[in-house]
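Trainee: Before I ask anything, let me first share the structure, which is written out below as structure tokens.
The values are calculated or read from the model by the stated rules, or taken from the named source; none is laboratory data. Keep in mind that this is a model prediction, so the values were computed, not measured. Cβ placement follows ideal geometry from the backbone for every residue including glycine, while neighbour counts extend to all protein chains displayed. Side chains are part of the model used for accessible areas, which takes the heavy atoms of the whole protein and leaves out ligands, DNA and RNA. Shrake-Rupley method; radii C 1.70, N 1.55, O 1.52, S 1.80 Å.
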Amino acid sequence: MSEMPKAYEPQQHEDEIYARWEESGSFIPENLPDFANREPYTIPVPPPNATATLHIGHAAMLAIEDVLIRYQRMNGKRALWIPGTDHAAIATQNVVEKMILKEEGKSRHDLGRAELVRRIEEFVESKRNRIKLQFRKMGASLDWSREAFTLDEQRSRAVRRVFKNMFDDGVIYRGWRVINWCPRCASTLSDDELETKPRVAKLYYFKYNKDFPITIATTQPETKLGDTAVAVHPSDERYTALVGKTFDVPFGGPGGVVLKIRVVADHNVEKEFGTGALGVTPAHSMIDYLMALQNNLPLVHVIGEDTKMLEAAGKDYAGLPYLEAREKVVAWLRAENLIEKEEDTEQNAPICERCKTEIIPLPKLQWFVDVNKKFAFQKSPRKQVEGIAPGTEVSLKEVMRHVVETDQITMIPERFEKTYMHWVDNLLDWCISRQLWYGHRIPVWFCVDKKTDECAAPICSVDEVIVCPHCSGAVEQDPDVLDTWFSSGTWTFSTLGWPYTRVIFVRHGECETNAGGFLNSDVTKEFHLTEKGRAQVATTTEMLAKEKVSAVFASPFMRGQETAAIIANALQVPTRTDDRLREAGLGEFDGKLSSEFDAVTGNRMESHNWDITPGDSESFRSIRARMQNFLDDITKEYVGKTIVVVSHGDPIWAAMSLEQSNLQADLVYPKNAEMVVREYDTSGSTVGDLNTYHPMDVLETGYDILPNWVSRMILMTAYALGEIPFKTVYLHGLVRDAEGRKMSKSLGNGIDPLDVIPKYGTDAVRMALLIGQTPGNDLRISEEKIAGFRNFSNKLWNVSRFILSMDGDVALDRRMISRIDLDDADLTMVDKWILSRLANVAKEFSVALDEYDFSRAGEMLRDFTWNDLADWYLECAKVEGGKYTVLNYVLQNLLKLWHPYMPFVTETIWQNAYAKDGAFLMIETWPDYTSMTHYPEAEREFAHVQNVVTAIRALRNDYKIPAAAIVPVSMVTKYKAELALSEAVIKKLTRSELLFVDVAPEGQLATVIEEGTITIPKFETAESPDEKIKLEAERDSVAHYITALKEKLGNADFVARAPAAVVEKEHGKLKEAEEKFAAIEARLK
RNA sequence: GGACCGCUAGCUCAGUUGGUUAGAGCGCACGAUUCACAUUCGUGAGGUCAGAGGUUCGAACCCUCUGCGGUCCACCA
């Protein structure tokens, strides 16, 4: 064992330990011992912006997730934690644009699209490694071999695939919509990308002209040039007579417009605001737009994307910036004397979250995800969403509601399920196009020349489109990119290899051979489908219609060909015949009854009887091999696509068997025309990451991105896979400063993990973020708190140092001590006490982790470590001596328990003390608390010792007995037998000579506790407080307590209605209190 | 306007299905320094559980109302 320095110096160990972990490959689940038999456990890292720097929020997130993954890994799970970063389209482009503008004075338009994208990619590449290095600093045990980026090739393929599927299903559509337009970014913004800014605006009350019967109020008079209606509340009697009437209204002067205004009734109008009547401008207001949709009003576009007025605003106004147009309209209204009133009103103006520019609502042709459109629900080859059968017509909204409502996804804390439901219920179609240059380009092309009628339709394709498929003319890709959440919404499955090739095996329909019960393996003999068989295939074809099938592969046999033909015709896809899909060779059994063959072969899958070839028939092994061979080829050709493979019972059954490494016979032999769905990665294997690790177990993230991200993942995954993305959502709070303020650069109140990690150590930072945090609630953190946990890691270090410095049994050195090494006969009461405490805490700690109660778990273990172990047991051990085995047993388990919270200090100690051949603590097995022994007797006994020790110490303190003095202590107690067992301990810990007596000596200082009366001789010091006063105060308090207890027990209702155990407990309390009272009284006489 | 959260010791927070004389850490006060650790040890003070009603044998905990602080959503014509 190497010498351990007096204080733990984190910076001397952390980087080295992390590097050793990583090099060992232990973060990769497939490198864990016996990985194939471990149950998978998966969490994704919420991908930070690739250009981000580690901040305290990331640190909190990583600490929680690393606890989960380390705990599960030690607990025998096949633990996978996937790292990655997000391209964050709009945020990143903004940063780079600003940088270029500042450094070179150039705008994105000066550079051009290709150059800007190149510059952004260069910037991202230069920053991407920074955040990854910082994740390592936090000790995060991420599987870096699976690292993903939302804009890399694999993720792009997933994005285009989902888009294409949605497009084909009509879930994605293109339409005119009023959107939030940021003139500065020259882009559409989603509602989530808005902030609001309070401001005071001028509210003008006026009539469009003298003849118009209704006065309206507005803060934006220029938009009135695009009004098409006036809306009033349906129950507003002032206007009832006018509803439904239409007026031609000249507005804005001769160079203005003639408005066609209809008076409509709408519930969204507030009677009390303004005049209770509102001029409806469908093109430039969200609410007006919705009213226009409901009332079928036309939409007049008067403000352009450059913030200048358009032609439709009239010739005097066209071309004016909208603010100038506003002045001009107001001037005209004044000149015409139409303004009745002007007043200031407070409003919250929507602004761009990135650049703070005021947004303008305007209509634009955009791409949307339709959340109400019904589509056929996907069939999952793994774990179907429960309660929605494959093929069911559902909308995204319904699915999103369903999976949470039925608890297939649970949220911690639960109250966020309400927030989520509220969000889902109010969900509008999701605008997914962004007028940016950086991001996933929308995979849609348009024919330029449109030579045929068909050319008008947009062409959506996963692969690059070079020419128009209809006229072979030039095409142009849609210039927009996708909302960044569209790609991060695929995170759980795109990081696991999706899209796979989806293969739907279909066994041929009933054939004459099946009907006759005989076999055929001679391709030249043409047996046809029966009537029933054709009907079976027709039914299957109906189900297949909901799939997006690219091709049909068929066995060369007539029954395969006929089956394939029916399907291919209906689906309008080509058929390819492949000999590898042929019927099993039956040799001499060809033409015989199937029962004869079965009698010889039995269940080959179950019996592993793969090599027999009765009657020169084909072996099962051979059938498996040709199916694997077929899959190897097609899965490379059809990545991300769906194909139908029509074959026979045995070959399909053999293909199904390929996914099982140790065959169990739970694969049911396919019936005629039955569909069997499988997904394969590009190596033709179904045993890919997606199958092993999806759905994931936990998504841990901040509650602030519940709508943006969590909901979108649920949406995308349910749509694309027919599955939930994860089972549990754990939402942490925001990290705030000691005053509860958000940490920000401008306030300068941020705690930068990169500052405090070198100062206090990563473990201390992790502890400070884990203890005191409650899910969904914000966490306050200060440097003092981190310093406190630095002290704790040093404590653990010194506890270990003390234990490891003991001379012990050489044979036990560097060996795992098990329960068997501890013989009850050799254990003292104190030993039993600490072992019992360890058993309790190991269990409670594990249970708390299972319940995601990180704070309580950490506090519990800290109290055990610091109070029970360090302050009590180690002091006792010094007195009793010879604790080598017990101490090492406790320490080994303690290091394991602490490892998920404080990976570095525990691993460092472990490497010093116990690691054999450098084996890591991080892959040790979790303490088996079920095998640990509880000693309830010892716990009760030691509690008495603690009480007595504390009482004597308090007595010494109260009466100013010099610390060094060894004093004679007399004690009257009914626990003499138990206390005598630890007499040496009590003496040493209290620096006293302990004497058990029957009557407390007179003339001494006394204290009365539950265990009895303790006295020490008076010491000659001037300022000793009066013993009598102290005792009297204690007596009064006990008397008060007794009164309360008696009152309670005297209450007939209480005795009658409370559970017997509770009443019993109160009686016990009363008895104890009365004994204590008597002892004090005796002393005071 | 709608919804949600919080209010417990000077500060930060625990308090599991109602059954404690309401807990922890930090801070504070007093005392201790060769013996694992001063990044330490010992002892102690400190709370009408925001307020008012109600349910109950029993309320920090359940219900209603009020107050204060905070967050989110919608709207702001």
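Trainee: Would you compute, from DSSP H runs of 4+ residues alone, the mean residue ellipticity of chain A at 222 nm, taking -39500 (n - 2.57) per run and dividing by the full residue count, rounded to the nearest 500?
Mentor: Values: 35 runs with 430 residues, N = 1085.
Theoretical 222 nm ellipticity from helices: -12500 deg cm²/dmol.
Trainee: If you don't mind, another one. Between the alpha-carbon centers of segment A:1015-1085 and segment A:805-877, tell me the distance in whole angstrom.
Mentor: Result: 35 Å between the Cα centres.
Trainee: Counting Lys +1, Arg +1, Asp -1, Glu -1, what net charge surrounds residue A:673 among other residues with beta carbon under 9 Å of its beta carbon?
Mentor: Details: positive: A:507, A:671; negative: A:510, A:674.
Neighbour charge sum, excluding residue A:673 itself: 0.
Trainee: Which of the trypsin sites (Lys or Arg not before Pro) found in segment A:891-952 are loop residues per DSSP with 15 or fewer other Cβ atoms within 10 Å of their Cβ?
Mentor: Details: sites: A:896, A:916, A:940; in loops: A:916.
Of the trypsin sites (Lys or Arg not before Pro), the ones in loops of segment A:891-952 whose Cβ has at most 15 other Cβ atoms within 10 Å are A:916.
Trainee: Something else about it: Round to the nearest 10 and give me the degree value, 0 to 90, for the angle of helix A:884-898's Cα axis relative to the longest principal axis of chain A.
Mentor: Approximately 20 degrees, to the nearest ten.
Trainee: Of the accessible area of segment A:951-1027, with the probe set at 1.4 angstrom, what percent is carbon plus sulfur?
Mentor: Details: 2130 of 3940 Å².
With neighbouring chains kept in place, the figure for segment A:951-1027 is 54 percent.
Trainee: A further question follows. Under a Cβ-Cβ cut-off of 15 Å, what is the net charge of the residues other than residue A:296 that fall near it, where Lys and Arg count +1 and Asp and Glu count -1? Write down the numbers at each step before the final one.
Mentor: Working: positive: A:260, A:262; negative: A:266, A:288.
My count for the surroundings of residue A:296 gives 0.
Trainee: Moving on to the next point. With a ≥ b ≥ c taken as the square roots of the eigenvalues of the C-alpha gyration tensor of segment A:420-523, please select rounded if a/c is under 1.5 and otherwise prolate if a/b is larger than b/c or oblate if it is not? Let's see the in-between values first.
Mentor: Details: a/c = 2.76, a/b = 1.52, b/c = 1.82.
Judged from the Cα gyration tensor, segment A:420-523 comes out oblate (a/c at least 1.5, b/c at or above a/b).
Trainee: A further question on this structure: Over all directions, what mean area does the Cα convex hull of chain A project, stated in square nanometres? Walk me through the intermediate numbers first.
Mentor: On the way: hull surface 252.6 nm².
Approximately 63.1 nm², given one-decimal rounding.
Trainee: Given 25 °C and 0.890 mPa s, compute D for segment A:232-291 with the Stokes-Einstein relation, Rh being the Kirkwood radius over Cα pairs; round to the nearest whole µm²/s.
Mentor: Working: Rh = 12.5 Å.
Reported coefficient: 196 µm²/s.
Trainee: Pick out, in residue order, every one of the GluC sites (Glu not before Pro) in segment A:404-466 that is DSSP loop and has at most 14 other C-beta atoms within 10 Å; say none if there are none. Please report the intermediate quantities before stating the final value.
Mentor: Details: sites: A:405, A:414, A:417, A:454, A:464; in loops: A:414, A:464.
Loop-located and lightly packed - A:414, A:464.
Trainee: For segment A:331-401, with all protein chains present and a 1.4 Å probe, just round the carbon and sulfur fraction of the accessible area to a whole percent.
Mentor: On the way: 1430 of 3300 Å².
About 43 percent, which is the carbon plus sulfur part of the accessible surface.
Trainee: Next question, about the same structure. Would you mind calculating the relative contact order of chain A from Cα pairs under 8 angstrom and at least 6 residues apart, reporting the percent as a whole number?
Mentor: Details: 1930 pairs, mean separation 121.8, N = 1085.
Relative CO of chain A lands at 11 percent.
Trainee: Relative to the longest principal axis of chain A, what angle (0 to 90°, nearest 10) does the C-alpha long axis of helix A:14-24 take?
Mentor: Tilt relative to chain A: about 60 degrees.
Trainee: Residue A:826: accessible area at probe 1.4 Å, nearest 10 Å²?
Mentor: That residue has around 120 Å² of solvent-accessible surface.
Trainee: Here's another thing I want to ask about it. Cross-link partners among lysines for residue A:127, C-alpha distance below 23 Å, same-chain residues fewer than 8 apart left out?
Mentor: A:98, A:102, A:106, A:137, A:745
Trainee: I would also like to ask the following. Kindly identify segment A:3-71 as rounded, prolate or oblate by the Cα gyration tensor criterion: order the square roots of the eigenvalues as a ≥ b ≥ c, call it rounded if a/c is under 1.5, otherwise compare a/b with b/c, prolate if a/b is larger, else oblate.
Mentor: Numbers: a/c = 2.07, a/b = 1.12, b/c = 1.85.
Oblate is the answer for segment A:3-71, as a/c is 1.5 or above yet b/c matches or exceeds a/b.
Trainee: On to the next question. Using a 1.4 Å probe, what is the accessible area per residue for chain A, in Å²? Before the final figure, lay out the partial values.
Mentor: Values: 46020 Å² over 1085 residues.
Accessible area per residue, chain A: 42 Å².
Trainee: May I ask you to list the lysines whose Cα is less than 28 Å away from that of residue A:1030, ignoring any residue fewer than eight positions away on the same chain?
Mentor: A:960, A:974, A:976, A:987, A:988, A:1018, A:1046, A:1048, A:1069, A:1071, A:1076, A:1085
Trainee: If you don't mind, another one. Return the lysines within reach of residue A:418: Cα separation strictly under 19 angstrom, same-chain partners fewer than 8 residues apart disregarded; answer none if there are no such residues.
Mentor: Of all the lysines, those that pass the test against residue A:418 - Cα under 19 Å, at least 8 places apart if same chain - are A:397, A:727.
Trainee: Name the trypsin sites (Lys or Arg not before Pro) in segment A:1-54 that are in a loop by DSSP and that have at most 13 other C-beta atoms within 10 Å, would you? Let's see the in-between values first.
Mentor: Details: sites: A:6, A:20, A:38; in loops: A:6, A:38.
When the trypsin sites (Lys or Arg not before Pro) of segment A:1-54 are filtered for loop state and at most 13 Cβ neighbours within 10 Å, A:6 remain.
Trainee: Provide the descending list of Cα extents for segment A:332-486 along its principal axes, expressed in whole angstroms.
Mentor: Principal-axis extents of the Cα atoms in segment A:332-486, largest first: 70, 56, 28 Å.
Trainee: Count the lysine pairs in segment A:505-663 whose Cα atoms sit under 22 Å apart, keeping only pairs 8 or more residues apart in sequence or on different chains.
Mentor: On the way: A:525/A:592; A:546/A:641; A:548/A:636; A:548/A:641.
Lysine pairs satisfying the spacing and distance rule in segment A:505-663 number 4.
Trainee: Please list A:286, A:166 from largest to smallest accessible area, probe radius 1.4 Å, with all protein chains kept in place. Spell out each step's value before the answer.
Mentor: Working: A:286 70, A:166 0 Å².
From most accessible down to least: A:286, A:166.
Trainee: What would the Debye equation give as log₁₀ I(q)/I(0) for segment A:142-234 at q = 0.16 Å⁻¹, counting only Cα atoms as equal point scatterers?
Mentor: At q = 0.16 Å⁻¹ the computed log10 ratios are -1.00.
Trainee: Would you work out what percent of the accessible area of segment A:146-222, with all protein chains in place, is carbon or sulfur (probe 1.4 Å)?
Mentor: Details: 1290 of 2860 Å².
Here carbon and sulfur together make up 45 percent of the probe-accessible area.
Trainee: Here is a follow-up. Could you state the principal axis extents of the C-alpha atoms in segment A:942-1065, from the largest down, to the nearest angstrom?
Mentor: Over segment A:942-1065, Cα extents along the principal axes are 55, 34, 23 Å.
Trainee: Here's another thing I want to ask about it. As I understand it, the value is the acute angle between the Cα axis of helix A:936-958 and the longest principal axis of the Cα atoms of chain A; what does it come to in degrees, rounded to 10?
Mentor: Long axis of A:936-958 versus the principal axis of chain A: about 70 degrees.
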